[in-house]
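Step one of this worksheet: look at the structure below.
The values are calculated or read from the model by the stated rules, or taken from the named source; none is laboratory data. Everything numeric in this text was worked out from a predicted model, so none of it was measured. Heavy atoms of the whole protein, side chains included, go into the accessibility calculation; ligands, DNA and RNA do not. Shrake-Rupley method; radii C 1.70, N 1.55, O 1.52, S 1.80 Å.
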Amino acid sequence: MASPEPQPGDLIEIFRPFYRHWAVYVGGGYVVHLAPSSEIAGAGGASIMSAVADRAIVKKERLCDVVGRDPYRVNNKHDDKYNPFPPSKIVQLAEKLVGREFCYRVLRANCEHFVNELRYRVSRSDQVIDAVPAAIIMKLNLLYKITPKSGS
């Protein structure tokens, strides 16, 4: 996936097979990211177990190690909605959190929430926003097929 060279403070979107992992670029080839203990850098589908984790650690690792063979891109997608912190402040905030452990919740405290909080001071995960309505629609479709309308 073609992407500009990351700059300090940029958000990095990593395309895992079933979800997107997010990190913030801090320079020198390194990123800071929130990783559940079950998250295996570059493991792709094996990292899906992170969905059931309840604790996560902020790690500073080489971008190439975190990405592995998965495609990635710079994606500061909310710059038009929110005013990002200056890059030096984003990097300072990110590096200050390295080594700290946090509660991890897929729906309200995941890696995307983490990086958006660092860049914009807004805890937001579009994967969750997009996935919840889709899950509700799927559930309704399943219910409809199981209990079809009577008299039709």
#### Entry: Extension gain, ARG55 back to PHE15 (0.36 nm per residue minus Cα-Cα distance, nm)
12.2 nm
### Task
Multiply the residue gap between ARG62 and GLU95 by 0.36 nm, knock off their C-alpha separation, and tell me the result in nm, one decimal place.
10.5 nm
#### Entry: Heavy-atom accessible area ranking, 1.4 Å probe, most first, across LEU34, LEU97
LEU97, LEU34
